[in-house]
1. Quick one: what does P(r) look like for the range 4-128 with 5 Å bins over all Cα pairs, in whole %?
2. Using alpha-carbon positions, what is the distance between the centroids of the range 41-55 and the range 59-101, in Å?
3. Under 5 Å between amide hydrogens, which residues at least 5 positions from A61 or on another chain qualify, with H placed 1.01 Å from N in the peptide plane?
4. For a footprinting-style exposure proxy, rank S48, S41, S127 by other Cβ within 10 Å, fewest first.
5. What angle, in degrees between 0 and 90 and rounded to the nearest 10, separates the Cα long axis of helix 110-128 from the longest principal axis of the Cα atoms of the chain?
6. Can you give me the pair-distance distribution of the range 60-133, C-alpha pairs, 5 Å bins, whole percents?
7. To the nearest 10 degrees, how steeply does helix 68-80 sit against the main Cα axis of the chain, on a 0 to 90 scale?
8. Between 0 and 90 degrees, rounded to the nearest ten: what's the tilt of helix 4-17 against the longest Cα principal axis of the chain?
Amino acid sequence: MSSTTAEQLQDRAADVLARFVDVRRNDDDSLAFEYGGALCSLRAVGLSPGLDVLSITAVLAWDRPHHAQLAERVAERNSALQFGTIILIDHEDLSDVVLRYVCPAAGLDDEALATLLLLVLAGADDSRQGLLA
């Protein structure tokens with residue numbers, strides 16, 4: 001990461017997340033953790049001075065048979081989701097279901113940061129339900 005403020009934001013996010021989940025640092029310096037069965041990754045990025053964002057990715061389901069019913073379930077969950085977008089990533093006859101969310105986070109205190117992260121993760125947890133059936 002090139003931005004010191006982005007590095008600080010990511011360190012703060014790691015500390016906040018550590019209250020709720022086990023957090024690991026990957027070789028690329030992103031944070032990795034599991035929440036409600038979803039494999040998650042978080043990275044803070046400085047886009048410009050004063051604009052540091054958090055990029056959160058959660059794999060909700062992987063290697064699911066691709067069919068119309070799965071696409072319908074994803075569309076339903078997207079319409080109910082407040083934070084992020086759920087996408088299907090197709091590979092051969094299978095699909096991975098991934099939630100992505102990028103948000104400005106510069107200036108948030110730790111409680112606001114915790115609230116934001118938990119709202120996103122709760123949405124991932126809720127969205128994951130029924131995708132594995």
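Any read-out appearing in this document is the output of simple, stated calculations on the displayed coordinates, not a laboratory observation. This structure is a prediction, so every number in the text was calculated from the model and none was measured. Here the Cβ positions follow ideal geometry from the backbone for every residue, glycine too, while neighbour counts run over all protein chains shown.
1. The percentages, shortest bin first, are 2, 11, 21, 22, 18, 12, 8, 4, 1, 0.
2. Measuring centre to centre over Cα atoms gives 25 Å.
3. Close amide H contacts, sequence-distant or interchain: V97.
4. On the way: S48 7, S41 15, S127 25.
The most exposed by this proxy come first: S48, S41, S127.
5. Taking the Cα atoms of the chain, the angle to 110-128 is about 10 degrees.
6. Pairs per bin, as whole percents: 3, 16, 26, 20, 14, 10, 6, 4, 1.
7. Helix 68-80 sits roughly 40 degrees off the main axis of the chain.
8. 60 degrees
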